1. Write down the radius of gyration of region 1-51 and its Dmax, each obtained from C-alpha positions, in Å.
2. List, largest first, the extents of the alpha carbons of region 156-253 along their principal axes, each in whole Å.
3. If you average 1/r over every pair of different alpha-carbon atoms in region 235-279 and take one over that average, what Kirkwood value in Å do you get?
4. So for 91, 203, fewest C-beta neighbours within 10 Å to most, what's the order?
5. Can you tell me the order of 145-153, 311-319 when each peptide is scored by its average per-residue count of other Cβ atoms within 10 angstrom, highest first?
6. Can you list the residues of region 161-178 with backbone N under 16 Å from a point 7 Å past the Cα of residue 143, pointing along Cα to Cβ?
7. Per-residue counts of other Cβ atoms within 10 Å, averaged by peptide: what ranking do you get for 236-247, 164-175, highest first?
8. With the Cα gyration tensor of region 48-279 in hand, give its eigenvalues times 5 under a square root as the equivalent ellipsoid semi-axes, listed largest first in whole angstrom.
Ligand SMILES: *Cc1c(COP(=O)(O)O)cnc(C)c1O
């Protein structure tokens, strides 16, 4: 069992809250965390995000602030920007968006008017809420035109994307998503966007770390705007960045501030800078490739145990399991696995016959377990636990789940989490 981190001032001032933090640390140490949008940040990133930079207001951009006293903050933000542009090979980076959803909203503000058509992948197909889905502000204030994947292949139907784009003439086309196990063809999307006269936005929230580490092709040569969170495979603090060509820099910056936000979260900017520095090291390339190798191995092991994987497997960090043939709904499976110490999320699968709040799939990924040092050799055990957990969910066998939980905790103790 990992020792809880020392937070002496917090423990003295607010033992109740400190106890919850310690419990969360223990939970993150003891469980097998398979949610593909999560990770473990380093101690350095944790420390940077807990600094006195928190105390400073810095509306504006370096050298153009509305508050004085920016001698250090300007340098922090310039460092983060310089590291982002170098790592992703872009002209311009804005590191101020509070998170991925506000970053995407800023893109709408920069390039579209309310009521305009905007295109993205449908949420149940693997897109993100902010790509024009109805319950999101982006679907309420804009006319969301949604594409999907083919039912027979589970792959994005680029012919459908082109037909829709030429018919609807959207201002924006989003590519990227939250449940896409396959490589995104940025060049093909760019060609379609050019034909349709749309701004192409590559939302690489999930795969930014893979791109930084050279384990997924880069959107930089193809997309007008690249949007990303910083807390998923990139292994930074909860935050986001918008990157673009010089021609769009002013519009993007104006949309983030003053368009949408006030003061940037300087402690987060600092932690982003640290994460970008870490992601530029050779060891991060190894990490990104190991994430993909682990996902491939895990997918093979799951398929060998009779699991049906959307698109048949994975090219990246993510696996979408269709449980229809296992006769267990996704939610029941996810909750049972959680009791077994395996943390996943239930998810719709393309053409899901069930409702989004109780869909047919579970979504898993390898970023967190790879950060702990698990490798291909451990993937058969992981697949076994998932297989036994899903079978126990179907049978209502709580004893089996408890037994798995103990086995998981034992393995995880041998692979200490970074940051904890
Ligand atoms: C996670 C994600 C977002 C949103 O990020 P938040 O920080 O949760 O707001 C946006 N787009 C995609 C594709 C994502 O995966």
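Since every read-out is calculated from the coordinates, none of them should be taken as a lab result. Keep in mind it's a predicted model, so treat the numbers as computed, not measured. Cβ coordinates were reconstructed from backbone atoms using ideal geometry, including for glycine residues, and neighbour counts include every protein chain displayed.
1. 12.3, 35
2. Rounded to whole Å, the extents work out to 40, 34, 20 Å.
3. For region 235-279, the Kirkwood estimate is 11.7 Å.
4. By the 10 Å Cβ count, ascending: 91, 203.
5. Top of the packing list down: 311-319, 145-153.
6. 164-173
7. Per-residue mean Cβ counts within 10 Å order the peptides as 236-247, 164-175.
8. Semi-axes (√(5λ), whole Å): 30, 19, 15.
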